[in-house]
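The values are calculated or read from the model by the stated rules, or taken from the named source; none is laboratory data. Everything numeric here is computed off the predicted structure, so don't read it as measured data. Counting neighbours? That spans all protein chains shown, and the Cβs are built from the backbone with ideal geometry, glycine included.
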Number of protein chains: 2
Amino acid sequence: MTSSKTAAPKLLESSCSIARSLGVVGERWTFLILREAFTGATRFAEFRAALGIASDVLTDRLATLVEYGVMAREPYQEPGSRPRDAYLLTDAGRELDVVLASLQQWGDHHLPRAEGNTIERRTREGGRPVHVGYIDDDGNEVAPRDVAVIRTAAYPT
Amino acid sequence: MTSSKTAAPKLLESSCSIARSLGVVGERWTFLILREAFTGATRFAEFRAALGIASDVLTDRLATLVEYGVMAREPYQEPGSRPRDAYLLTDAGRELDVVLASLQQWGDHHLPRAEGNTIERRTREGGRPVHVGYIDDDGNEVAPRDVAVIRTAAYPT
């Protein structure tokens, strides 16, 4: 198995921020660990039970997420047990929600299941359906075909 | 190396559409292959040269993308060469742009580099900055804190 310990540095040095993001969250299991964190999991045993993931892989993925500020360790201790670390999403981690939501939206649309979607995003006030897309600086939706991708002066030549 | 041939089926059977999407696009390299496709790459040699990726890995990733309708093969032949396949994004593939854009946005924000961002998204008309976020059914931006995640009747019990 290739570990994030060897993969991340190369991606993290990239001039491309997609590659850098993948250096932190692009490993197998990481998006599913984040999914569990967004639904309330904080403890190692919770992530492990929800995902059926090997302990060494989970340890490695959580360490990467902590190292790059996506999650923060917070010690806790249950009566009769040794102190342990919980893993909490930081503000930076919570900003990854839109990445998960965009993956979910694509899967709902292009890999549907007969029983329908299991999760919906709606406005808290009014319960109106919410989707992920492009927005201009006035807060209005922009159709994908109306979005231009522009190379800046920092783009490698 | 774990191949998508073994990893995808388990994820693709998930009731969670994040997991299903990852079954198609969550393998190492796939998002970077898509990034190259969005910037115009269509030929095997172009992907290989841009990414420095092993041929067998690239072959496997492209096969998965074709199998799940993200890319389509289109034969081409150059004078004096054997017929080859080009790989073109389908409509479903182009809808993954917002996933890449959300990864890019997060990396620009949380993993910045001294020389600045290399790519910007702007409106074609007017050149106004564009970001990725949540939008209601009237086309207005919704702040992440105002978005509720709701389990439907199809959510596994």
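At least 1 residues that are within 26 Å of B:ARG20 (Cα to Cα) and without any contact (Cβ under 8 Å) to a residue 40 or more places away in the chain in each: list the strands (runs of 3 or more DSSP E) lying fully within region A:111-157 that qualify.
Where strands (runs of 3 or more DSSP E) fall fully within region A:111-157 and carry at least 1 residues being within 26 Å of B:ARG20 (Cα to Cα) and without any contact (Cβ under 8 Å) to a residue 40 or more places away in the chain, they are A:119-123, A:130-136.
Test each condition in (1) crowded, with 16+ Cβ neighbours inside 10 Å; (2) within 8 Å of chain A (Cβ to nearest Cβ) for B:MET71 and report the one that comes out false.
With respect to (1) crowded, with 16+ Cβ neighbours inside 10 Å; (2) within 8 Å of chain A (Cβ to nearest Cβ), B:MET71 is out only on (2).
Does region B:24-38 hold any residues that are modelled with pLDDT of 95 or more and out of contact with any Lys or Arg (no Cβ under 7 Å at 6 or more places or on another chain), and which are they?
Passing the criteria: B:VAL24, B:VAL25, B:PHE31, B:LEU32, B:LEU34, B:ARG35, B:GLU36, B:ALA37, B:PHE38.
Looking at B:GLU120 and the list (1) farther than 19 Å from A:ALA153 by Cα; (2) at the interface with another protein chain (Cβ under 7 Å from one of its Cβ atoms), which single condition is not satisfied?
With respect to (1) farther than 19 Å from A:ALA153 by Cα; (2) at the interface with another protein chain (Cβ under 7 Å from one of its Cβ atoms), B:GLU120 is out only on (1).
Within region A:111-129, take every residue that is basic (Lys, Arg) and within 21 Å of B:ASP146 (Cα to Cα) and give me the one that is farthest from the chain's Cα centre (by Cα).
Only one residue tops the list, namely A:ARG128.
Within region A:16-46, can you find the residues that are touching a residue at least 24 places away in the same chain (Cβ under 8 Å) and over 14 Å from the mean Cα position of the chain (by Cα)?
Within region A:16-46, A:THR42, A:ARG43, A:PHE44 meet the criteria.
Restricted to region B:88-130, and to residues that are touching a Ser or Thr at 6+ places or on another chain (Cβ under 9 Å) and of a type in the set (Gly, Ala, Ser), which residue is farthest from B:MET71 (Cα to Cα)?
By that ranking, first place goes to B:GLY116.
In the list B:ALA45, B:ALA92, which residue meets the criterion of being more than 26 Å from A:GLU120 (Cα to Cα) and either in contact with a Leu (Cβ under 8 Å, 6 or more places away or on another chain) or not basic (Lys, Arg) (or both)?
After applying the criteria, what remains is B:ALA45.
Is there a residue being more than 23 Å from the chain's Cα centre (by Cα), under 22 Å from B:ILE150 (Cβ atoms) and more than 7 Å from chain B (Cβ to nearest Cβ) anywhere in region A:132-148?
no
From the list B:GLY107, B:GLY133, which one is of a type outside the set (D, E, K, R), out of contact with any Lys or Arg (no Cβ under 9 Å at 6 or more places or on another chain) and within 21 Å of A:GLY93 (Cβ to Cβ)?
Unique residue meeting the criteria: B:GLY133.
Among the residues of region B:48-106, write down those that are of a type in the set (Val, Ile, Thr), within 22 Å of A:VAL147 (Cβ to Cβ), in a loop (DSSP other than H, G, I, E, B) and without any contact (Cβ under 8 Å) to a residue 40 or more places away in the chain.
Answer for region B:48-106, where residues must be of a type in the set (Val, Ile, Thr), within 22 Å of A:VAL147 (Cβ to Cβ), in a loop (DSSP other than H, G, I, E, B) and without any contact (Cβ under 8 Å) to a residue 40 or more places away in the chain: just B:THR90.
Conditions: (1) more than 19 Å from A:PRO156 (Cα to Cα); (2) surrounded by 19 or more Cβ atoms within 10 Å (Cβ to Cβ); (3) of a type outside the set (A, V, I, L, M). B:ARG43 meets all but one. Number of the miss?
(2)
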